[in-house]
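Visitor: Here you go, one structure.
Nothing in this text is a laboratory measurement; each read-out follows from the coordinates by a stated rule. Note that the structure is a prediction, hence the values are computed from the model and not measured. Glycine also receives a Cβ, built like all others from the backbone with ideal geometry; neighbour counts cover every protein chain displayed.
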Amino acid sequence: MVGYAFMGTAHSQAWRTVNRVFDLPLRARMTAVVGRDPGKVAAAAAQLGWQEHTTDWRTLINRDDIDLIDVCTPGDSHAEIAIAALAAGKHVLCEKPLANTIDEARAMAAAAVRAEAGGVRSMCGFNYRRVPAVALMRRLVADGRIGEIRHIRAVYLQDWITDPQFPLVWRLQKDKAGSGALGDIGAHIIDLTQYVTGQRISGVSALTETFVKQRPLPPEIGGLGPVTVDDAALFVARLDGGAVATYEATRFATGRKNGLRVEINGSKGSVVFDFERMNELEFYDAALPSDEQGFSRILVTEPDHPYVGAWWPPGHLIGYEHSFTHQARDLLEAIATGAEITPSFTDALQVQLVLDAVERSAALGSWSEVEPARTEIAV
Ligand SMILES: NC(=O)c1ccc[n+]([C@@H]2O[C@H](COP(=O)([O-])OP(=O)(O)OC[C@H]3O[C@@H](n4cnc5c(N)ncnc54)[C@H](O)[C@@H]3O)[C@@H](O)[C@H]2O)c1
């Protein structure tokens with residue numbers, strides 16, 4: 001695993017847990033963790049449960065006792081690490097957004113398709129797909145329970161940089177992060193809604209805003225530096241199955257901490273998911289007699305709900321970290337059985353194409369089409 005901070009901690013928890021909860025044909029062995037600082041990575045290895053640690057990920061990708069590379073670094077290193085690992089025959093789990101640019105994402109998707117021909121698998125870490133209520137939402141939509149989809153209303157609201165004195169961290173620098181709220185949290189609601197509806201965003205009209213344009217540099221440097229990403233991104237969209245949608249991603253929604261909320265209205269009903277109540281799904285069934293209609297709250301903790309059977313008795317809730325354990329479960333199972341893996345790097349390229357269209361639309365003030373992701377490899 002490369003990178004051991006926020007996502008590295010969440011992924012480590014998943015690798016530690018997955019085989020103790022799910023009965024799988026493969027076992028995860030936590031061989032080595034990579035970081036840039038020798039002392040800190042040694043401490044992280046001990047804390048998180050990795051057998052070895054190193055400061056150079058290149059030393060890992062040719063080792064025979066390592067089968068999978070888990071990329072938990074900022075976006076500026078995803079392409080280099082993932083492409084090298086795939087070329088060396090290692091399966092890859094890569095955090096989202098897949099890359100910082102379309103070109104990098106295309107190269108990664110092509111590398112994944114090439115590697116797949118040799119049985120080498122890859123997945124992008126859009127973990128919210130693996131929240132049981134989101135998987136149930138997709139199942140209800142796929143089963144036709146809300147009919148033809150008309151509206152998607154998706155927001156991802158945070159507030160951690162409303163203070164102008166918050167420092168200029170890597171997430172606020174375009175060369176490191178690719179974009180701001182758009183790629184960090186907007187990417188999740190783009191992926192989630194495309195996944196749940198089975199429709200692809202085909203065009204967007206967007207605006208972006210950077211409210212605080214300069215922020216404090218680290219104390220050893222001093223002074224202010226420019227914020228080079230968006231603080232907020234808003235767009236309307238069309239999807240290729242006929243739905244229309246609104247999306248809002250912001251780090252300035254004062255009071256909102258991790259407010260990922262998606263509402264989908266169809267011809268026969270509606271479904272609503274709110275991450276801060278992640279064990280619940282709201283469902284409105286317009287097929288019921290009118291005197292029984294109303295939004296019902298499904299507590300998604302029954303054994304026949306997706307993933308839930310492996311955990312606790314009904315009503316005993318699960319949390320954020322479980323989505324990463326489910327991600328690890330699905331990846332290990334797919335590696336063992338050869339089953340299709342989603343989101344693939346091509347699925348993640350599709351999200352990247354939407355991010356790019358949003359930025360183009362915001363810059364030009366015009367409608368931007370989103371092309372379907374095609375992965376071409378020279379044969
Ligand atoms: N799936 C999710 O919900 C989710 C949530 C947060 C972040 N992410 C994604 O995960 C990735 C990492 O984000 P984070 O929040 O964990 O960041 P973070 O700042 O908490 O951790 C980044 C880690 O990468 C290491 N690192 C940076 N550059 C490196 C390099 N060149 N070589 C080796 N190590 C390097 C850092 O030392 C640190 O350990 C990003 O792509 C981000 O978008 C996903």
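Visitor: Considering the chain as a Gaussian network with a 10 Å cut-off on Cα pairs, which listed residue, R329, R139, R20, attains the greatest mean-square fluctuation?
Guide: Comparing R329, R139, R20 in a Gaussian network model of the chain, the most mobile one is R20.
Visitor: In the stretch 1-103, what chymotrypsin sites (Phe, Trp or Tyr not before Pro) fall in a loop by DSSP, with at most 11 other Cβ atoms inside 10 Å?
Guide: Details: sites: Y4, F6, W15, F22, W50, W57; in loops: Y4, F22, W50.
Sites meeting the loop and neighbour criteria: none at all.
Visitor: If you don't mind, another one. Say the cut-off is 23 Å between C-alpha atoms; which of K96/K176; K40/K176; K40/K257; K96/K174; K90/K176 go over it? Could the numbers behind the result be given before it?
Guide: Details: K96/K176 13 Å; K40/K176 21 Å; K40/K257 28 Å; K96/K174 15 Å; K90/K176 25 Å.
In this structure, K40/K257; K90/K176 lie more than 23 Å apart at Cα.
Visitor: Hey, if you put +1 on the Cβ of every Lys and Arg and -1 on every Asp and Glu Cβ in the chain, which of I298, N62, T208 ends up farthest toward the positive end of that dipole?
Guide: N62
Visitor: Then there's this: Taking 30 Å as R0, compute the FRET efficiency from the Cβ-Cβ separation of F166 and D56 and round it to 0.05. Could you put the intermediate results ahead of the total?
Guide: Numbers: r = 32 Å, r/R0 = 1.06.
Efficiency for this residue pair is about 0.40.
Visitor: What helices does the chain hold that run 18 Å or longer along their axis, going by alpha-carbon atoms, with a Kyte-Doolittle average of 0.0 or more, using DSSP H for the helix calls? Mind dumping the intermediate values first?
Guide: Working: long enough: 6-21 (22 Å, -0.38); 102-116 (21 Å, 0.25); 320-337 (27 Å, -0.45); 345-364 (28 Å, 0.72).
Length and hydropathy pass: 102-116, 345-364.
Visitor: Over the stretch 257-359, what is the mean sequence separation of C-alpha contacts under 8 Å (at least six apart), divided by residue count, expressed as relative contact order in percent?
Guide: Values: 102 pairs, mean separation 13.5, N = 103.
So the answer I get is 13 percent.
Visitor: Another question, if that's okay. For the chain, what does the relative contact order come out to in percent, with C-alpha contacts under 8 Å and a separation of six or more?
Guide: On the way: 820 pairs, mean separation 78.7, N = 379.
Taking the mean separation of contacting Cα pairs over the length of the chain, I get 21 percent.
Visitor: Here is a further query. If each of D304 and R29 carries a label point 7 Å out from its Cα toward its Cβ, how far apart are those two points in nm?
Guide: Between D304 and R29, the simple spin-label model gives 4.0 nm.
Visitor: Tell me, what ³J(HN,Hα) does each residue in the stretch 165-176 have, in order and in whole Hz, if you take phi through Karplus 6.51 cos²θ - 1.76 cosθ + 1.60 with θ = phi - 60° and put x for Gly and Pro?
Guide: Here the 3J(HN,Hα) series is 7, 4, x, 7, 7, 4, 5, 9, 10, 4, 5, 9 Hz.
Visitor: With +1 on each Lys and Arg Cβ and -1 on each Asp and Glu Cβ, how big is the dipole of the chain about its Cα centre, in debye rounded to the nearest 20?
Guide: Working: 37 positive and 47 negative charges, 63 e Å.
The calculated dipole for the chain is roughly 300 debye.
Visitor: Provide, in order from the shortest bin, the percent of all Cα-Cα pairs of the stretch 124-182 in each 10 Å bin, continuing until the bin that contains the maximum pair distance.
Guide: Whole-percent P(r) values from 0 Å outward: 16, 32, 26, 19, 7.
Visitor: Nothing charged except the Cβ atoms of Lys and Arg (+1) and of Asp and Glu (-1): what's the magnitude of the dipole of the stretch 1-122 about its Cα centre? Round to the nearest 20 debye. Before the final figure, lay out each step's value.
Guide: Values: 13 positive and 14 negative charges, 52 e Å.
It comes to approximately 260 debye.
Visitor: Looking at the chain as a GNM with Cα springs under 10 Å, which of H326, H316, H78 has the largest mean-square fluctuation?
Guide: Of the options given, H316 has the highest mean-square fluctuation.
Visitor: Suppose a student asked you for the relative contact order of the stretch 20-127, using Cα pairs under 8 Å spaced at least 6 residues apart; what percent would you report? Kindly include the intermediate steps, with their values, before the conclusion.
Guide: Working: 147 pairs, mean separation 20.9, N = 108.
Rounded, it is 19 percent for the stretch 20-127.
Visitor: What are the GluC sites (Glu not before Pro) within the stretch 297-379 that DSSP puts in a loop, where the Cβ has at most 13 other Cβ atoms within 10 Å? List each step's numbers first, then the result.
Guide: Values: sites: E321, E333, E340, E359, E369, E376; in loops: E340, E376.
Here the sparse-neighbourhood loop sites are E340, E376.
Visitor: In the stretch 166-260, what GluC sites (Glu not before Pro) fall in a loop by DSSP, with at most 11 other Cβ atoms inside 10 Å? Before the final figure, lay out the partial values.
Guide: Working: sites: E209, E220, E248; in loops: E220.
Sparse-neighbourhood loop GluC sites (Glu not before Pro): E220.
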